[in-house]
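Comments concern the structure below.
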Amino acid sequence: MELQKHATAKGGGVSFFTNLHYNLPMHIRPATLKDAQAFHEIHTKAVRTTCKDYYTDEQISAWLSGRTPEGYDGIAKGEMFTALEADRVIGFGHAIPGEVVAIYVDPDFHGKGVGSLLLDHALKIASSGHKKVKVISTLNAEGFYKKHGFTKVKEDVVVRNGVEIGGVEMERGV
């Protein structure tokens, strides 16, 4: 992915990029509570479309059951950030020191560098004070993280609504 960085706002909160391959102007900014509905819609759409070949219908239903826009607690904690094309939310990320918690991209924008841009931003946060960064990847995203230098540590399972959902714990040096 070839990005041309235009500017970073004071304090590093907002970065502006143009994906030169797709001529897609996008930027990252801290998430606000107004983003929660868009995050919920992107999260749901991404899980339903990109995970369907890796997880059963029962797992996907359990994964999404009970999720609401109010459930993105990382927004209020200042841990989440938003990828935008103009004013349209096209993805989001969540990172804390030592861990990339989540990266989700609207499936309409897959393959256009949005995930890489979000991951780059997440790694800046996650690497703060840490020599290694971990992520619990979905099965379908394992290749994405491998492409960005992560290696598999072990299989992982979370239980949501009484259903086991497989994942992969991965890490990389910073």
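Odds and ends about this structure:
- From the list T82, T138, T151, T68, the lone residue that is at pLDDT 95 or above and over 26 Å from L33 (Cβ atoms) is T151.
- Residue match in segment 91-104 (condition: closer than 22 Å to T56 by Cβ, in contact with a Gly (Cβ under 9 Å, 6 or more places away or on another chain) and modelled with pLDDT of 95 or more): yes
- Residue check for V153: more than 17 Å from G93 (Cα to Cα) and surrounded by fewer than 17 Cβ atoms within 10 Å (Cβ to Cβ): yes
- Within segment 81-118, being outside any strand (DSSP E or B), surrounded by 23 or more Cβ atoms within 10 Å (Cβ to Cβ) and free of Cβ contacts under 8 Å to residues at least 40 places away in the same chain holds for one residue alone: G115.
The values are calculated or read from the model by the stated rules, or taken from the named source; none is laboratory data. What you are looking at is a predicted structure, and each value in this text was computed from that prediction instead of being measured. Cβ atoms come from the backbone with ideal geometry, glycine included; neighbour counts cover every protein chain shown.
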